[in-house]
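Written below as structure tokens is the structure these notes are about.
The values are calculated or read from the model by the stated rules, or taken from the named source; none is laboratory data. Remember, it's a predicted structure, so these values are computed and weren't measured experimentally. Positions of Cβ are generated from backbone atoms using ideal geometry, with glycine treated the same way; all protein chains shown enter the neighbour counts.
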Amino acid sequence: MAIYGDFEYHAFNDIIKVLQRHTGVLFMRTALAGRSVELHLQDGMLQAMFIDGFPVNEPLRVGDTIRSLVGSATGEYSFEAGGISHHMNMPMTELIRDVVSTANIPEQQLPHQDTRFEWQGNAAQLQVPEALRASWNSVAPMVRMGASANDIASQLRIGLPEARVVLYRLRAAGLVTPQRAAGVFHDPAAAPAVGTQPSYAGVPSMPQQPQTQQVGPVRRLLNALRRLTGGNA
């Protein structure tokens, strides 16, 4: 069986539904911003993925690619029934459902791309939800010492939106927490009193010396005359 078409007339989600019970390769020549993508499908399960001929096995990269295809697949596609490669076994319906569900997260709830996250306590002993296990296995080594969405996107070669969603979900599951910035926090109540010097870490505060009254030349002359005549200065 062979199927041909163009994403101008058919949505990626609809094509996957049509192929739910078929086995073969869905080839998209320019669907990923001009890059080619191959999906090796078997009865609704994604068995392998290739981008420009190179295999993609990292779960977060797979999810990020599906997110891009759902949102912006373009160009022609074709499906050829037959033999496929077997590198993974991921349900396509769940991958697409995950993309659709996280697309409605309000922007202000997603972490900033530069906010660094770390393990929440002893996260290694926490129970990781099955739906997050693949994401956690990829991200955990990075966030152990602190990592931002920018760091994750760069090192795992995924889109920044996908990295922000991953951190959002891991934080909601209690696995990561934002790092607290080191340094002095501004606290109006801790401000030094007027007329005193502020105290810095490791440097004791020095008492402020009283100011001496300035004496002009006329004043000095009068004082000298008073001393000569026995008067009070």
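Summary table
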| read-out | value |
| --- | --- |
| Any hit, the stretch 54-63, residues being touching a Ser or Thr at 6+ places or on another chain (Cβ under 9 Å), in contact (Cβ under 8 Å) with a residue 40 or more places away in the chain and within 21 Å of residue 6 (Cα to Cα) | no |
| Number of positions in the stretch 1-47 that are of a type in the set (Asp, Glu) and without any contact (Cβ under 8 Å) to a residue 60 or more places away in the chain | 3 |
| Condition met for residue 127 (free of Cβ contacts under 8 Å to residues at least 40 places away in the same chain, in the same structural domain as residue 160 (by TED's automatic domain parsing), not in a strand (DSSP E or B) and not basic (Lys, Arg)) | yes |
| Meets criteria (part of a helix (DSSP H, G or I) and loosely packed, with under 13 Cβ neighbours inside 10 Å) for residue 133 | yes |
| Considering residues of the stretch 14-39 that are under 30 Å from the mean Cα position of the chain (by Cα) and closer than 14 Å to residue 91 by Cβ only, the residue surrounded by the fewest Cβ atoms within 10 Å (Cβ to Cβ) | 16 |
| Residue in the stretch 142-154 that is of a type outside the set (A, V, I, L, M, F, W, C) and touching a residue at least 40 places away in the same chain (Cβ under 8 Å) present | no |
| The stretch 83-100, subset over 25 Å from the mean Cα position of the chain (by Cα) and not hydrophobic (A, V, I, L, M, F, W, C), residue surrounded by the most Cβ atoms within 10 Å (Cβ to Cβ) | 87 |
| Segments classed as strands (runs of 3 or more DSSP E), wholly inside the stretch 1-78, with at least 1 members that are at pLDDT 90 or above and under 26 Å from residue 164 (Cα atoms) | 23-32, 35-42, 45-51 |
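Here is a yes/no grid of residues against (1) touching a helix residue (DSSP H, G or I) at 6+ places or on another chain (Cβ under 7 Å); (2) farther than 22 Å from residue 58 by Cα:
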position: 81; (1), (2): no, yes
position: 85; (1), (2): no, no
position: 99; (1), (2): yes, no
position: 103; (1), (2): no, no
position: 110; (1), (2): yes, yes
position: 120; (1), (2): no, yes
position: 131; (1), (2): no, no
position: 139; (1), (2): yes, no
